[in-house]
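Notes for the one structure printed next.
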Amino acid sequence: HSLRAAVSDYMVSAALPLLAAWVHAFGGFQHRDDTVPCYDVVYQLAMYDRLLGENTEDDRKSRVDQKKYIPIVTTSAADFAAVFPNLAAGGNGFSCGYTQAWVAEVFESLEGVYPFWTAGAQGDNVSPNTASGYAEYRTADEVRGLFAQYQDSDDTQLFYIYHGGLADHVLLIEQVAGRRGYRVYQSYNSVYSLRAWLSDAQTLADLEPYWSEDASTGDIVRNENLAAVMNGALAALSAGAWSFENPPTSAELVSALGPVGAAFGAFLDVWSTQAVDKETIMQSLLDSKLKYGGGQVIPADQFMAGYVASFGELVEWYAEHGPAGHSAEIVTQRIFDIWTDLYGSPNPQVAPGAPFNLVAMLNAMLSGGSIDPDVRYFMQARVVTVPADRLAMCKANGDTIMESVKRAEGSTMPMRRAA
């Protein structure tokens with residue numbers, strides 16, 4: 001009774017949507033001959049990536065935050081799992097960590113991820129959370145070793161990847177059973193959904209149906225969140241006179257900010273386009289997904305020589321130049337481009353030609369404070385082995401997620417499937 005009452009109280013306090021009928025677009029999960037069953041489940045659930053994502057108005061409605069809260073009122077993995085079919089999916093925006101969480105749930109089940117969430121999941125974004133199985137990797141050799149140590153395994157391996165502190169991106173990499181290769185699952189906060197990433201699109205024209213001028217409905221959208229932050233900073237520096245539409249000159253920035261002004265100008269040159277220009281956003285995604293997305297299984301040799309080598313180079317540069325107290329090292333074009341190549345959108349905290357700690361410096365100036373000496377960059381990763389008998393549960397795990405989707409009320413998610 002106490003468990004039921006606690007869960008009821010939680011649902012009321014979170015103001016979860018009323019239970020409502022939802023017509024599933026596919027009439028049940030369908031198998032594609034060219035995919036393994038678990039991928040097929042993820043592929044078909046990907047159209048609900050926004051609904052399974054973050055809630056920018058009330059985070060208690062998101063599936064990730066429910067996974068954080070529910071362990072407080074449950075005492076076992078079984079009780080934890082039993083709650084979720086009764087909770088409506090309440091997300092209103094796709095975001096990388098939220099995508100990672102529900103995709104992992106398809107592979108591992110709610111019972112399987114319960115220990116991860118009770119141990120604090122990804123942690124505090126200040127340092128690696130070793131309690132939940134993460135370890136830190138700082139060099140290219142360490143990153144290569146992370147993947148190399150599992151290359152001879154015939155089981156499915158899930159690599160939870162987390163860039164934290166002075167950078168922010170989260171993704172899931174699957175080493176496909178039978179040593180077939182690797183598959184990358186990711187979305188990008190306020191830019192593109194997992195549905196767009198897994199789509200079969202080969203050209204910009206193919207991606208066009210995923211684009212929307214309305215950031216609340218599309219699978220690829222302008223980064224209005226970043227644009228709003230940038231416009232807010234510009235307005236604060238100019239008593240409301242500057243914006244993306246009315247940008248300051250280099251001389252005006254130097255006058256307002258001193259030596260930091262020129263660096264901020266370089267930042268604006270990149271992001272006044274990258275955040276809002278449709279063609280730039282679409283091209284960045286397309287170039288990355290053609291190499292690593294679309295649900296393709298990347299052969300091991302190709303993955304290690306290409307993806308892992310670039311990933312390791314990126315981590316090593318960030319770790320070296322993102323210590324506690326930060327670094328004013330200039331971000332190179334190559335490092336900026338590697339991030340975009342791997343993740344389909346640039347890191348919004350940096351720009352080529354600008355200091356690595358520029359955003360931290362600007363935040364300190366605007367707030368009248370100082371750079372937080374404790375915040376640093378770190379990359380943490382954890383690996384979960386999914387044996388064959390657990391893979392057989394992917395469809396059932398997907399059905400559990402669909403129960404929450406069916407309980408959603410008034411979703412504007414387009415009910416269509418990629419060609």
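Table for the structure above
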| read-out | value |
| --- | --- |
| Neighbours by Cβ (under 6 Å, 6+ apart or cross-chain): first from segment 133-157, farther than 23 Å from V113 by Cα; second aromatic (F, W, Y) | V143/Y137; V143/F311 |
| Among the candidates S193, S127, S187, S153, residue that is in contact with a helix residue (DSSP H, G or I) (Cβ under 6 Å, 6 or more places away or on another chain) and small (G, A, S) | S187 |
| Unique match (being among the aromatic types (F, W, Y) and touching a Leu at 6+ places or on another chain (Cβ under 7 Å)) among F311, F336 | F311 |
| Hits in segment 86-140 (condition: within 30 Å of G218 (Cβ to Cβ) and among the β-branched types (V, I, T)) | T99, V103, V106, V113 |
| Criterion (within 15 Å of the chain's Cα centre (by Cα) and basic (K, R)) met by exactly one of R63, R138 | R63 |
| Residue in segment 126-144 that is under 30 Å from D214 (Cβ atoms) and either open to solvent by 20 Å² or more (accessible area, probe 1.4 Å) or touching an Asp or Glu at 6+ places or on another chain (Cβ under 6 Å) (or both) present | no |
| Selection from segment 116-134 of residues that are over 18 Å from the mean Cα position of the chain (by Cα) and under 16 Å from V83 (Cβ atoms) | T118 |
| Residue match in segment 162-179 (condition: open to solvent by 50 Å² or more (accessible area, probe 1.4 Å), more than 15 Å from M379 (Cα to Cα) and either among the aromatic types (F, W, Y) or in contact (Cβ under 8 Å) with a residue 40 or more places away in the chain (or both)) | yes |
| Neighbours by Cβ (under 7 Å, 6+ apart or cross-chain): first from segment 360-376, without any contact (Cβ under 8 Å) to a residue 12 or more places away in the chain; second assigned to a loop (DSSP other than H, G, I, E, B) and open to solvent by less than 80 Å² (accessible area, probe 1.4 Å) | A364/I371 |
| Any hit, segment 177-187, residues being under 16 Å from V308 (Cα atoms), touching a strand residue (DSSP E or B) at 6+ places or on another chain (Cβ under 6 Å) and among the aliphatic types (A, V, I, L, M) | yes |
| Residue count for segment 349-371, restricted to those that are in a loop (DSSP other than H, G, I, E, B) and either in contact with a His (Cβ under 9 Å, 6 or more places away or on another chain) or closer than 17 Å to W317 by Cβ (or both) | 9 |
| For V113: the one exception among (1) touching a residue at least 24 places away in the same chain (Cβ under 8 Å); (2) assigned to a loop (DSSP other than H, G, I, E, B); (3) in contact with a helix residue (DSSP H, G or I) (Cβ under 7 Å, 6 or more places away or on another chain) | (2) |
| Any hit, segment 101-118, residues being in contact with a Phe, Trp or Tyr (Cβ under 6 Å, 6 or more places away or on another chain) and open to solvent by 40 Å² or more (accessible area, probe 1.4 Å) | no |
| Filter result for A324 (open to solvent by 50 Å² or more (accessible area, probe 1.4 Å) and not in a helix (DSSP H, G or I)) | yes |
| So V308, is it among the β-branched types (V, I, T), buried (at least 18 other Cβ atoms within 10 Å of the Cβ), within 22 Å of S345 (Cα to Cα) and in contact with a strand residue (DSSP E or B) (Cβ under 6 Å, 6 or more places away or on another chain) | no |
| Helices (runs of 4 or more DSSP H) within segment 185-304 that include 3 or more residues open to solvent by less than 10 Å² (accessible area, probe 1.4 Å), in contact (Cβ under 8 Å) with a residue 12 or more places away in the chain and under 30 Å from L366 (Cβ atoms) | 260-274 |
| Residue within segment 165-182 that is part of a loop (DSSP other than H, G, I, E, B), closer than 28 Å to N129 by Cα and acidic (D, E) present | yes |
| Sole exception among (1) more than 27 Å from G295 (Cα to Cα); (2) touching a residue at least 24 places away in the same chain (Cβ under 8 Å) for Q100, by number | (1) |
| Among (1) out of contact with any strand residue (DSSP E or B) (no Cβ under 9 Å at 6 or more places or on another chain); (2) within 18 Å of M230 (Cβ to Cβ), the one test that P355 misses | (1) |
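The values are calculated or read from the model by the stated rules, or taken from the named source; none is laboratory data. Being a predicted model, the structure only gives us computed values, none of them experimental. Glycine also receives a Cβ, built like all others from the backbone with ideal geometry; neighbour counts cover every protein chain displayed. In case anyone asks, the SASA skips ligands and DNA or RNA and just uses the protein heavy atoms, side chains included. Shrake-Rupley method; radii C 1.70, N 1.55, O 1.52, S 1.80 Å.
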